[in-house]
Amino acid sequence: MSSSVLVVSTDPQGSAIWWADRVGDAKLPFDFTQAHDDPDGIANLKNLGAQIHVIANQKGGVGKTTTTVNLAAVVHDTLGSAASGYKHVFVDTPGNLENEHILAACLDIATDVVIPIPPEPLAFDATARTITMAIQPRGLSFRTFINAWDPRDGRADLEETEAYVDAKGWPRARSIIRRYKIHTRASAEGVVVTQYPKNRIAMEAREDYFRLALELGYGGGR
Ligand SMILES: Nc1ncnc2c1ncn2[C@@H]1O[C@H](COP(=O)(O)OP(=O)(O)O)[C@@H](O)[C@H]1O
Ligand SMILES: [Mg+2]
């Protein structure tokens, strides 16, 4: 029996490397592999017969890696282990224009694309570029969602971002991933949401990912 969820890192800058180095008790619940220097490996993912969810946005720091590992964690938690191979593959992609060929290789095998957008007008241009230059020309199914909204900042930036996305006609998930310090800390420690302690804040933070996975149709419900 192994996980029915595989995470693939394709970012040469490797913000996901430390997830792979994890050992011991808090070992990652899903399977993990790196393929940034392996275009054939990326292409071959298609042969797994799984749904391939590509997390993309050519702006760095918007939460691609955090989204990838945490969606994978909640879907693994829901589906458990399987004897019959992977059902869902989550692919993390590079966050810059230099590595556009890697993003292209990932999009070539994508079932769908998930695009984190922070509620910050500064991120809009890079996001728009990714969608209009890389995703829409391929006719791919994609969804945006708002990542790292801090309720303490008020709703103005959130609503401006939602209005921008809607005006562009891009599909937008209703689920919002809020900004929590525990997420930032967890990425430094290589911990995923399903490994958070069972206190109220951590449960709220984790719930956001269950809700998003469910809305995206990945079976994130419990
Ligand atoms: N919802 C969130 N709440 C708090 N911190 C977040 C959240 N999403 C991302 N971060 C933090 O923002 C930083 C950038 O996120 P990351 O996933 O590495 O972005 P990318 O892969 O797009 O470059 C990391 O320090 C991460 O922990
Ligand atoms: Mg990253």
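The values are calculated or read from the model by the stated rules, or taken from the named source; none is laboratory data. On a predicted model such as this, the values are computed, not experimentally measured, just so you know. Neighbour counts run over all protein chains shown; Cβ positions are idealised from the backbone, glycine included. Ligands, DNA and RNA are excluded from the accessible area calculation, which covers all protein heavy atoms including side chains. Shrake-Rupley method; radii C 1.70, N 1.55, O 1.52, S 1.80 Å.
Working ranking of peptides 104-115, 34-45 by packing, defined as the average number of other Cβ atoms within 10 Å per residue, highest first, is 104-115, 34-45.
With the helix formula -39500 (n - 2.57) applied to DSSP H stretches of n ≥ 4, the chain reaches a computed 222 nm mean residue ellipticity of -10500 deg cm²/dmol.
Fully extending the segment from L97 to S141, taken as 0.36 nm per residue of separation minus the present Cα-Cα distance, adds 13.7 nm. Average accessible surface for the range 2-216: 45 Å² per residue, computed with a 1.4 Å probe over protein heavy atoms with every protein chain in place. Rounded to 0.05, the FRET efficiency of the E120 and N199 pair, given R0 = 35 Å and the Cβ-Cβ distance, is 0.75. Per the Kirkwood formula applied to alpha carbons, the chain shows a radius of gyration over Rh ratio, Rg over Rh, of 0.94.
Just for the range 2-216, what percent of DSSP beta bridges are antiparallel, to the closest 5? Antiparallel bridges: around 5 percent, rounded to the nearest 5. On the range 2-216, 50 percent of the accessible area sits on carbon and sulfur atoms, based on a 1.4 Å probe.
Using the Cβ-Cβ distance between K168 and D37 with R0 set to 25 Å, the FRET efficiency works out to roughly 0.15.
Remark: for residue pairs K87/K168; K46/K87; K27/K198; K64/K181, the C-alpha separation exceeds 20 Å in K87/K168. For L158, the solvent-accessible surface with a 1.4 Å probe is about 0 Å², rounded to the nearest 10.
Shown is the FRET efficiency for A188 and S84, computed with R0 = 41 Å from the Cβ-Cβ distance and rounded to the nearest 0.05: 0.70.
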